[in-house]
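J.: Sharing a structure with you now.
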């Protein structure tokens, strides 16, 4: 009886381990469209998506890129600041962070 229970336990364990999906870190990645890409190009690609913009001052603004102009970007629905949007000078942005992979 113990032998039968152990066999069933081993089979169940093997089935559980093999049925768990393996997610590779290489699954999704971002590649620049051009080696000469600018912050403006990245923002244009992210229009309509949620991003975190890091300013030269070190401040982060999280929101949705709605429109990218020649010198400024409009970011709507600023996180933590209900009812606020922001217009940011593109030349004051040091980094744009955005989601590439799921969970």
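All of the numbers you see were taken from the coordinates with simple rules; none came from a lab. The shown structure was predicted, so the numbers you read here are calculated from the model rather than taken from an experiment. Every residue, glycine as well, gets a Cβ built from its backbone with ideal geometry; the counts of neighbours run over all protein chains shown.
J.: Residue 90 label point, 7 Å along Cα→Cβ, cut-off 12 Å on backbone N: hits in the range 50-79?
T.: Residues 67-74 qualify, since their backbone N sits under 12 Å from the label point.
J.: Okay, next question. Using the 10 angstrom Cβ neighbour count as an exposure proxy, how do 83, 98 rank, fewest first?
T.: With the fewest neighbours first, 83, 98 line up as 83, 98.
J.: Could you give the length gained by full extension between residue 56 and residue 70, i.e. 0.36 nm per residue of separation minus their alpha carbon distance, to one decimal place?
T.: 3.2 nm
J.: Once you keep just the Cα pairs under 8 angstrom separated by 6 or more residues, what percentage relative contact order results for the range 37-103?
T.: RCO, the range 37-103: 33 percent.
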